[in-house]
Amino acid sequence: MKDRVAEFQDAGISDIEEISNKYVARKVVAFSLSMLIILASSIAILYIWKGGNLVIERPSPALSSWETEYKGLTGVSNQTLSGLNGEGVVICVVDSGIDLSHPDLSDLVLKGWLDSVNGLDEPYDDEGHGTAMSGIIVADGGLKGVSIGVELLVAKAIDDEGQGDSSSVANSVDWCVQQGADIISLSLGGGQSIGSGFFTTDELEQSVDEALDSGVFVIASAGNDGEDDDGDVGSPGSIEDVICVGGVTRTGDIWSGSSEGDNDGRLWPNPILPRNNPDKKPEMVAPGHEVPVLMASGVGNSGWWGWSSGTSAATAWVSGSLALLLQEDSGLQRENSSGRESIESVKEAITQYSQMMDGQDSHDDHYGYGHLRIDHLVSHFDNED
């Protein structure tokens, strides 16, 4: 996965007086088969503080506008969903933690917290990525998450360098299942294990399979190597019943860094069986370019709000949106489902009710079955009842 350095461009927000001209990209660390990385290619600050006592109470007009555009693109703001906020659905975010001091999280009460890195009892985020991803789901202030009514579990499996090993992430996935998660959001990825797709000896891939067997939806990033693609999406997004997510821009075009799936199969360097519908990778794409996010304190950020580009953001967006569907159709929730049956029914619907590109009539190795339209998915399951 490549680092991407974000530079501020005009973007129609000349009314902001105190914006830095350049931003430092978040560090994305190279990985081996045993290492996982968070998949944000960059996080840029659009509001900065000048002086210790100045508090910026809201994000920039640009960020608010971008959030509105993405909610329109994905159907989150459709009036047919106006009564849905994810209430009664449990999402578990496995990432670098969460900064509950953020003003947009001031009313958030976590359902549960696990620190698989340092073993601390109180929530924190010493990298910042986890706060950004959780905010896409539950922010309730300057930015508005896509499902602010969910019950949120947070497991810290990524350290302050943006790295985590399979064991820590697997332990966190197991904990999410034990705590009653309906959805596990994994904005991270690494190399596929030897034999992935046939069998696996990888601890994380085994934990994800067990979660799926329990009826838990697992959403994972495709990866950010689209400009230098290694030939397939990352693991655990490569697992059959996982919903693997690529990224798009506000216009619905594919984000240039979004990883491509290899659905025809290969023997080398790592054998992959040909994939069939509805399991071709990625399954869908969602907001992945300049996505408005929350910025954690104490990790080099000088403001509360910014934007992130990467399939991480797309993953969190799909996780939060899926909670709206599970709220509307509680039969899809884990406690009411029969193992993978609900997951497979949603994946079948994704093949039919995602928004394809102009001229697209089947799965695309970059664009999946189309970009997320959660309003179409909810309508489909309403009609099924």
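We did not get these values from a lab; they are worked out from the coordinates using the rules stated. No experiment lies behind these values; they were computed from the predicted model shown. Glycine gets a Cβ as well: all are built from the backbone with ideal geometry, and neighbour counts include every protein chain shown.
Using θ = phi - 60° and the Karplus form 6.51 cos²θ - 1.76 cosθ + 1.60, what ³J(HN,Hα) does each residue of region 242-247 get, whole Hz, x for Gly and Pro? Values, residue by residue: 5, 8, 9, 10, x, x Hz. Within the P(r) computed for region 197-307, what percentage of the Cα pairs occupies the region above 24 Å? That tail contains 35 percent of the Cα-Cα pairs. Only alpha carbons enter this Debye calculation for region 68-137, each as an equal point scatterer, and the log10 of I(q)/I(0) it gives at q = 0.11, 0.19, 0.28 Å⁻¹ is -0.35, -0.88, -1.33. Between Ser297 and Glu161, what's the calculated FRET efficiency when r is the beta-carbon distance and R0 is 25 Å? Round to 0.05. It comes to 0.85. Magnitude of the charge dipole for region 126-172, about its Cα centre and with charges confined to Cβ atoms of Lys, Arg (+1) and Asp, Glu (-1), is about 300 debye. Taken along the Cα-to-beta-carbon direction at a fixed 7 Å, the label points for Asn276 and Ser82 span 4.4 nm. In the structure shown, the pairs Lys144/Lys281; Lys280/Lys347; Lys71/Lys144 are assessed against 21 Å; a Cα-Cα span above that value is assigned to Lys144/Lys281. Among Phe217, Phe381, sorting on how many other beta-carbon atoms sit within 10 Å of each Cβ, with the fewest leading, yields Phe381, Phe217. Residues Ser101, Ser259, arranged from fewest to most other Cβ atoms within 10 angstrom of their Cβ, appear as Ser101, Ser259. Counting neighbouring Cβ atoms within 10 Å and putting the fewest first, the residues Ile239, Ile136 line up as Ile239, Ile136.
Dipole magnitude for region 294-385: computed about the Cα centre from +1 point charges on Lys and Arg Cβ and -1 point charges on Asp and Glu Cβ, it is near 520 debye.
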